[in-house]
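Read through the structure below, which is laid out as structure tokens, and then see the notes.
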Amino acid sequence: MTSARAMNWQRLLGAALLYSVLTIMLILFMVPVYGAIVTAFKTQAEVSAGGYWTIPTRFAAENFERVMDPDDGNLGLYLGNSLLLTIPASLFSIALGTLAGYGLGKYNFKGDGVLFILIVAGMFLPPQIALIPVFRLMNDIGLYDTLWAVIIIHTAFGIPICTLVMRNFFQVVPNALREAALIDGANEYSIFFLIMLPLTLPALAVLATLQFTWIWNDFLWPFILTQRAESRTVMVGILNLTGQYTVDWGGQAAASLIGSLPTLFIFVFFQRYFIRGLTLGAVKG
Amino acid sequence: MMLRRHPWIVPASFLVLPVLVYITFVILPTLNSLYYSFTDWVGYGADFNFVGTANFEKIFTDRLFSNAIKNTAIWLALAMTAPTLLGLTLALALQGKRKINTLYKSLFYLPICLSPIIIGIIWVWLYSPKLGIVNLFLRSIGLDQLATAWLANPNTALFAVFVAWAWQQTGLNMVIFLAGLTSVPTPLVEAAKVDGANYWQTLIKVIIPMLRPATVVVLALTAISALKSFEIIWVMTMGGPFNKSDTLAVFMYSESFRKFKMGYGSSAAVILFLMTLVIIVLYFRQTAAAEELYD
């Protein structure tokens, strides 16, 4: 009895200790996020009075207004560009990955294993190896400095992860489903579109969160492939603003928060799918 | 039955479009880099000469290159250890089903959804010499002599950038280790406890060996993403001061797109690619083990 009670106390003490350490770690870990939030909502007057890391005395929207102003930060344009780039590139890469994943997951043919490995290996390619040739190719076909250049390249570089996830998904869909439909006289394509595609929704959700986050946050490709403000994406735009707002931390912080909103939205509302994607199909990043 | 009549026509019809796009915009550019690495192309115009192995001969005597290799080696060594151990520790501490664990886990992997650009911008303020919270904290506890211009000091720049990078990588590693932990059978852990093993013995003799596939994934992915990481370094230091944080990925960009030595830059890209290839091959040899994690 007494020893059981002592054990319980020991356990409780252990848990208290563990969570104290974890909480301290978490507080340290959250300092950058805290800094970005408090700085974004502070007036320049308050910041220059020395209050960089203090909680704002009143929540001000002036930093947000400044970075969104077309004559100032012009972030609205870059946000629009990023949406125009991220949505089609995510859709195209998922569509192509679904086709390839179905071809590899539901059929056996000579060389299917090699083809699969060749495609999946692309997931690990450092973008640097393709940077110069893609820069030249986009110049040659007249797409340099357009969003299309970035859309195409993200579509192509998204194929490996989308193919991997979809192929793994289709492999576990029972073959009986397909065979029954074949006996009923359905052809291969109506089976794909009418029977298989509706089943893939959870896998598509996983890929959508993953591709959107990755393409939205990417900087290197739009940095290499675009130049004018008209085709500038949000991450390139924000980095440019830090040049314009060198000591204006409030402006930088507001731009950073706005630029992170779409992926934070996914993080809050679709976390389950996002985390599943990270562990399911290895990882991009 | 259909399968036998059309051994490849049907799958080919599904595969033709994705494979074509993949070859055109991923495979061919990769091979083209190899080709450019043997030329002296300057980035504009169609004129260039085939220079054989001159770029490679030059690069191995280039002091900036050997500096970049040295920085990449430091970066890689730090990347494989610190965020891996921290991610593992967090996963072990937070693996239970308590509500508070769910909240803590979410906050620890929040940085995964942020762009390296944003992370870099925020960490630049943290490191700001006068007003950054790192130095404010050091001064407030009387350690004034430790306060420095973290990103401008040649001795600290690379490490300071690395901490910002690790801030994101740790959460990612934690997620993968957590997935790995779900495949450790509870009866096995219980049995060890019944046999009188304490937590540390269970951890080292039972849990860690069962986490082998997850560890392989974490190490491979960390190494690959460490090798190609460019953005956060570019935002925070642009490889400086005095090239002290200039890794191979930054070197490749600077040579190609700042100095317009595209042929030379291509040879740097090829070397970066070959380093990655070594990791990919090692990783694929372990995939049988890693596959267990995905199921």
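Just a few scattered comments:
- Counting the residues of region B:156-191 that are closer than 23 Å to B:Leu86 by Cβ, more than 21 Å from the chain's Cα centre (by Cα) and either at the interface with chain A (Cβ under 10 Å from one of its Cβ atoms) or in a loop (DSSP other than H, G, I, E, B) (or both) gives 3.
- Residue satisfying condition, being free of Cβ contacts under 8 Å to residues at least 24 places away in the same chain and either among the basic types (Lys, Arg) or not in a helix (DSSP H, G or I) (or both), within set A:Gly243, A:Gly185: A:Gly185
- Residues in region A:237-275 that are more than 8 Å from chain B (Cβ to nearest Cβ) and closer than 25 Å to A:Ile151 by Cα: A:Gly237, A:Asn240, A:Leu241, A:Ala255, A:Leu257, A:Ile258, A:Leu261, A:Pro262, A:Phe265, A:Phe270, A:Tyr273.
- Scanning region B:184-210 for residues that are in contact (Cβ under 8 Å) with a residue 12 or more places away in the chain and surrounded by 14 or more Cβ atoms within 10 Å (Cβ to Cβ) turns up B:Val184, B:Val189, B:Ala192, B:Thr202, B:Leu203, B:Val206, B:Ile207, B:Met210.
- The C-beta contact set for region A:18-47 (first residue at the interface with chain B (Cβ under 7 Å from one of its Cβ atoms), second residue outside any helix (DSSP H, G or I), distance under 7 angstrom, 6+ apart or interchain) comprises A:Gly35/A:Trp53.
- Scope region A:68-88; condition farther than 19 Å from A:Phe219 by Cα and in contact with a Gly (Cβ under 6 Å, 6 or more places away or on another chain); matching residues: A:Met68
- Scan of region A:99-157 for residues that are within 29 Å of B:Thr222 (Cβ to Cβ), in contact with a Ser or Thr (Cβ under 8 Å, 6 or more places away or on another chain) and among the β-branched types (Val, Ile, Thr), ordered by number: A:Ile119, A:Val120, A:Ile129, A:Ile132, A:Val150, A:Thr155
- Residue that is nearest to B:Leu20 (Cα to Cα), among those in region A:94-130 that are more than 18 Å from the chain's Cα centre (by Cα) and in a loop (DSSP other than H, G, I, E, B): A:Gly111
- Taking the criterion of being of a type outside the set (A, V, I, L, M, F, W, C) and either in a loop (DSSP other than H, G, I, E, B) or farther than 30 Å from A:Phe135 by Cβ (or both), the residues of region A:154-182 that qualify are A:Arg167, A:Asn168, A:Gln171, A:Pro174, A:Asn175, A:Arg178, A:Glu179.
- Only a single criterion out of (1) away from every other protein chain (no Cβ under 12 Å); (2) touching a helix residue (DSSP H, G or I) at 6+ places or on another chain (Cβ under 7 Å) is not satisfied by B:Ala73, namely (2).
- Some residue of region A:59-75 being in a helix (DSSP H, G or I) and among the small types (Gly, Ala, Ser): no
- Evaluation of A:Val134 against the conditions (1) out of contact with any Gly (no Cβ under 9 Å at 6 or more places or on another chain); (2) under 27 Å from B:Tyr253 (Cβ atoms); (3) more than 7 Å from chain B (Cβ to nearest Cβ) shows that the sole unmet condition is (3).
Any read-out appearing in this document is the output of simple, stated calculations on the displayed coordinates, not a laboratory observation. Nothing here was measured: the structure is a model prediction, and the numbers come from that model. Note that each Cβ is placed from the backbone with ideal geometry, even for glycine, and that neighbours are counted across all protein chains shown.
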